[in-house]
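Below is one structure, written out as structure tokens; comments come after it.
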Amino acid sequence: MTDVTQGRIRTVLFGLLLPIARILLRCGVGYTEFADLAKRAFVEAASADYGVRNRPTNIARVAVMTGLSRKEVSRIRTESAIRDRASPLPRSIPAEVLSYWHTNSNFVSANGKPAPLSFQGEVSFTSLVRSITNDIPARTIERELARVGALKIVSDRKLIPTTREFVPHGVNDKLIEGLYFGLGKLADTVCFNTGAEILGAPYLQRVVDITGIAASDVEEVRNNMTAMAVSFMHQLDDYLTSVQCGKQAAVETEYNLGIGLYYFQTENSRDTG
């Protein structure tokens, strides 16, 4: 692969990662968690796709391909093999604060619930944060938890958590479904279509777009396109239902398949100078 091609890939990848980063931050997922998942994804992809005679790629080659140490590759493979029993992924600092507040005896009341804490003092919100990190001020963590509705002020200006999980407001199943059925399925299709050896015809992958729609027409065009897309999806849904295997049908292998549709819109400023 040429330097020019790699440069273009990095540019496109950065553009792809920006919206992903925005989504993850909305979900309370920080860089540490993302980096850990990324390492696992690289190891699993290299292990599965570059082996010989249907065997996993050896650790040394995976290390060379991914840039990770052989020790790290071995660790990730071991964790993947016992994933159901593996320890949870590292969480963001706000998530750790909430978890510690609910589980550490120093910050739990006699009834087993998080104790109301003053901001400063021997046993306080500040000492809670410092038990986890010395890099980020307690005030910053307080503001972040308050911003997402995970913290409230009670009597005597004490702080108490409203939830055990750090999930910002506005994050719901629709966002998760969008990641899986939107980005995830599209990425699988791109990966298949760019494979070194495509068995049979490539999967459908098309984009219809145009530049030059006036701002005053955007809403009407969007509504019309949405109506056409919804009508098409209803046709597809009827068709797929008609060919779906019955619950009692005896089949060796079943497939999940479909077509994804989404609308996109960006603003292009014209240079009038």
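Observations
- Listed by first and then second residue, the pairs with beta-carbon distance under 6 Å, at least 6 apart or on different chains, first residue in region 142-168 and at positive phi, second loosely packed, with under 14 Cβ neighbours inside 10 Å and part of a loop (DSSP other than H, G, I, E, B), are G149/H169.
- Residues satisfying the stated conditions in region 102-139, i.e. aliphatic (A, V, I, L, M), surrounded by 15 or more Cβ atoms within 10 Å (Cβ to Cβ) and part of a loop (DSSP other than H, G, I, E, B): A115, I132, I136
- Any chance R70 is surrounded by fewer than 18 Cβ atoms within 10 Å (Cβ to Cβ), free of Cβ contacts under 8 Å to residues at least 60 places away in the same chain and under 30 Å from K39 (Cβ atoms): yes
- Residue that is modelled with the highest pLDDT [pool: residues in region 173-194 that are over 18 Å from V12 (Cα atoms) and surrounded by fewer than 11 Cβ atoms within 10 Å (Cβ to Cβ)]: Y180
- E142 being closer than 18 Å to G30 by Cβ, modelled with pLDDT of 80 or more and either acidic (D, E) or assigned to a helix (DSSP H, G or I) (or both): yes
- Of all residues in region 185-201, those satisfying the criterion of being free of Cβ contacts under 8 Å to residues at least 60 places away in the same chain, under 20 Å from Y262 (Cβ atoms) and not hydroxyl-bearing (S, T, Y) are A187, D188, V190, C191, F192, N193.
- Look at region 75-104: where a residue is closer than 22 Å to A63 by Cα and of a type in the set (V, I, T) and a partner is part of a loop (DSSP other than H, G, I, E, B) and modelled with pLDDT of 90 or more, sitting 6+ places away or on another chain with Cβ atoms under 8 Å, you get I76/L68.
- Selection within region 1-44 - part of a helix (DSSP H, G or I), small (G, A, S) and at pLDDT below 90: G7, G15
- Test result for T11, of a type outside the set (A, V, I, L, M, F, W, C), loosely packed, with under 14 Cβ neighbours inside 10 Å and out of contact with any strand residue (DSSP E or B) (no Cβ under 8 Å at 6 or more places or on another chain): yes
- Which numbered condition F125 fails, given (1) at pLDDT below 95; (2) over 30 Å from G195 (Cα atoms); (3) among the aromatic types (F, W, Y): (1)
- Residue list for region 210-239, filter: outside any helix (DSSP H, G or I) and either touching a residue at least 24 places away in the same chain (Cβ under 8 Å) or closer than 24 Å to N256 by Cα (or both): T211
The values are calculated or read from the model by the stated rules, or taken from the named source; none is laboratory data. The structure presented is a predicted model; accordingly, all values stated were derived computationally and were not measured. Heads up, the Cβs are rebuilt from the backbone with ideal geometry, glycines too, and the neighbour counts pull from every protein chain shown.
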